[in-house]
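Asker: Attaching a single structure in structure tokens format; questions to follow.
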Amino acid sequence: MATDKHLAREASTTLIAAKGLSDAVLRTPEELANIVSLFASSDGWMDKVRLRAEGRWYERLYHGPDYDIWVISWLPGQSTGFHDHGASSGAFVVATGILEEHRPFERTRVIYPGKPRAFGPDYAHDVRNVSLAPAISIHAYSPPLSEMNEYELDGSQLVPREGASEKAETLDQEWSVQRQRRKPRTDTLSIEQVLSAARARLRRLSPDEAYEAAETTEAILVDIRPESQRAIEGSIAGALVVERNVLEWRFDPASSTRLPIATDHDLRVIVFCSEGYTSSLAATALQDLGLWRATDVLGGFHAWRASGLPTVPPGKASTINTATHR
Ligand SMILES: [Fe+2]
């Protein structure tokens, strides 16, 4: 991936320049802001993101001598609590969703996608997702994050939490263990949360964008509706019919019942269903198989028809059907 290559190049340049950890060049907050912005606008993190009901999910995606990069997912209601980042400077940017940043004596900042926040060492804040949708953020620290201290708000002062300093490289695992201990566990997600999580991983297309992609690129429109629905609603000329129950088996390049076109993971599959709900889950199922370009159509067939795009009336076969048994 372009960003991975970029980061690898940058890391190797830094390694050559630094000749070892002790001489590593530290990044300024402004440089870190550029790094997170660049990374967020790439596809380098999308297929790695997971969401967890019991606490924020995070993963260190890059660990170089002078800085590291993390991706964090936040379900509604999840927050960090007040903390600092030890001696590290840092920056973060919201990739999708909305977050809030809280600091004593300062107005709450609402953080929208695309505008990074940057800070120097010993900066303390509490970052929260108070919205109704999941959020994903990209963070970078220089030197790489090796310590965090947690605080409680006592009146308007931050006071260190008893025994809440974290050191060492295992911070990533320890965070997660701490959060699990502190919060009551809930192992289930509602369908709204599952759907929001799926859509956070997709760059969904409007009907016009899907039409354009199918007409002008190698993208394939895939109709996953059951036959009973197609018979009532009609269809899209040229769309490939692969019903939902066999979708993964038809598109996994390693499957013995794959379609002839499903030879690699770069295939650009644009899934649609009736109204654009099931299709989001189906598209992420394809992404889980490695088809990283899979996405779906906003509003599904209904929105396509409402946009005035070409359709075929019910009963007139125009689609390419595939076997519906596994
Ligand atoms: Fe932070």
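Asker: I'd like to know if the range 56-74 contains one or more residues that are polar (S, T, N, Q) and open to solvent by 10 Å² or more (accessible area, probe 1.4 Å).
Answerer: Start the filter on the range 56-74 by keeping residues that are polar (S, T, N, Q), which leaves 73.
After this cut, where a residue has to be open to solvent by 10 Å² or more (accessible area, probe 1.4 Å) as well, the list is none.
No, the range 56-74 has no match at all.
Asker: Which residue pairs have Cβ atoms closer than 6 Å, lie 6 or more positions apart in sequence or on different chains, and pair a first residue in the range 281-297 that is closer than 17 Å to ALA254 by Cβ with a second residue that is polar (S, T, N, Q) and crowded, with 19+ Cβ neighbours inside 10 Å?
Answerer: ALA294/GLN287
Asker: Kindly provide the set of residues from the range 99-113 that are assigned to a loop (DSSP other than H, G, I, E, B) and either within 12 Å of the ligand (Cβ to nearest atom) or touching a Pro at 6+ places or on another chain (Cβ under 8 Å) (or both), ordered by number. Explain how you work it out, then say what you get.
Answerer: Within the range 99-113, the subset assigned to a loop (DSSP other than H, G, I, E, B) is 103-108, 112-113.
Selection gives ARG103 alone.
Asker: Of the conditions (1) within 16 Å of the chain's Cα centre (by Cα); (2) crowded, with 18+ Cβ neighbours inside 10 Å, ALA118 satisfies every one except a single condition; which number is it?
Answerer: The single condition ALA118 does not satisfy is (1).
Asker: Which residue out of PRO116, PRO76, PRO121 is within 15 Å of the ligand (Cβ to nearest atom) and in contact (Cβ under 8 Å) with a residue 40 or more places away in the chain?
Answerer: Values: PRO76 fails: within 15 Å of the ligand (Cβ to nearest atom); PRO121 fails: in contact (Cβ under 8 Å) with a residue 40 or more places away in the chain.
Unique residue meeting the criteria: PRO116.
Asker: What are the residues in the range 203-219 that are touching a strand residue (DSSP E or B) at 6+ places or on another chain (Cβ under 8 Å), in a loop (DSSP other than H, G, I, E, B) and open to solvent by less than 90 Å² (accessible area, probe 1.4 Å), if any?
Answerer: Step one: of the range 203-219, the residues touching a strand residue (DSSP E or B) at 6+ places or on another chain (Cβ under 8 Å) are 203-207, 210, 213-214, 219.
Those still in the list that are in a loop (DSSP other than H, G, I, E, B) too: 203-204, 206, 219.
Within the range 203-219, ARG204, SER206, ALA219 meet the criteria.
Asker: Could you check, for the range 298-311, whether at least one of its residues is under 20 Å from ILE236 (Cβ atoms), open to solvent by less than 10 Å² (accessible area, probe 1.4 Å), in contact with a helix residue (DSSP H, G or I) (Cβ under 9 Å, 6 or more places away or on another chain) and of a type in the set (S, T, N, Q)?
Answerer: Within the range 298-311, the first condition is being under 20 Å from ILE236 (Cβ atoms), and the residues that meet it are 298-311.
If we keep only those that are open to solvent by less than 10 Å² (accessible area, probe 1.4 Å) as well, we get 300-301, 304.
Narrowing the set further to residues that are in contact with a helix residue (DSSP H, G or I) (Cβ under 9 Å, 6 or more places away or on another chain) leaves 300-301, 304.
When the remaining residues are screened for being of a type in the set (S, T, N, Q), the result is none.
The answer is no, given that none of the residues of the range 298-311 is under 20 Å from ILE236 (Cβ atoms), open to solvent by less than 10 Å² (accessible area, probe 1.4 Å), in contact with a helix residue (DSSP H, G or I) (Cβ under 9 Å, 6 or more places away or on another chain) and of a type in the set (S, T, N, Q).
Asker: While we're here: The conditions are (1) at pLDDT 70 or above; (2) out of contact with any helix residue (DSSP H, G or I) (no Cβ under 9 Å at 6 or more places or on another chain); (3) open to solvent by less than 70 Å² (accessible area, probe 1.4 Å), and PRO226 fails exactly one of them. Which is it?
Answerer: Failed condition: (2).
The rows are residues; the columns are (1) in a loop (DSSP other than H, G, I, E, B); (2) within 22 Å of the chain's Cα centre (by Cα); (3) not small (Gly, Ala, Ser).
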| site | (1), (2), (3) |
| --- | --- |
| ARG50 | yes, yes, yes |
| ALA53 | yes, yes, no |
| GLU59 | no, yes, yes |
| TRP70 | no, yes, yes |
| ALA95 | no, yes, no |
| TYR123 | yes, no, yes |
| VAL130 | yes, yes, yes |
| PRO160 | no, no, yes |
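Asker: Based on this model, can you work out whether GLY81 counts as within 12 Å of the ligand (Cβ to nearest atom), open to solvent by less than 40 Å² (accessible area, probe 1.4 Å) and at pLDDT below 95?
Answerer: Numbers: within 12 Å of the ligand (Cβ to nearest atom): yes; open to solvent by less than 40 Å² (accessible area, probe 1.4 Å): yes; at pLDDT below 95: yes.
For GLY81, the condition - within 12 Å of the ligand (Cβ to nearest atom), open to solvent by less than 40 Å² (accessible area, probe 1.4 Å) and at pLDDT below 95 - is met.
Asker: Name the residues in the range 261-274 that are surrounded by fewer than 18 Cβ atoms within 10 Å (Cβ to Cβ) and under 26 Å from TRP304 (Cβ atoms), would you?
Answerer: Quick first cut of the range 261-274, residues surrounded by fewer than 18 Cβ atoms within 10 Å (Cβ to Cβ) only: 261, 263-266, 268.
Result: ILE261, ASP266, ARG268.
Asker: Looking at (1) in contact (Cβ under 8 Å) with a residue 60 or more places away in the chain; (2) open to solvent by 20 Å² or more (accessible area, probe 1.4 Å), which is the one condition that is false for VAL93?
Answerer: Of (1) in contact (Cβ under 8 Å) with a residue 60 or more places away in the chain; (2) open to solvent by 20 Å² or more (accessible area, probe 1.4 Å), only one is false for VAL93: (2).
Asker: Oh, and also: Taking LEU240 and the conditions (1) open to solvent by 10 Å² or more (accessible area, probe 1.4 Å); (2) free of Cβ contacts under 8 Å to residues at least 40 places away in the same chain, which numbered condition does it fall short on, given that it satisfies the others?
Answerer: (2)
The values are calculated or read from the model by the stated rules, or taken from the named source; none is laboratory data. Here the structure is a predicted model, which means the values were calculated and not measured. Reconstructed Cβ throughout: ideal geometry from the backbone, glycine too, with neighbour counts over all protein chains shown. Just so you know, the surface numbers come from the protein's heavy atoms only, side chains and all, with ligands and any DNA or RNA stripped out. Shrake-Rupley method; radii C 1.70, N 1.55, O 1.52, S 1.80 Å.
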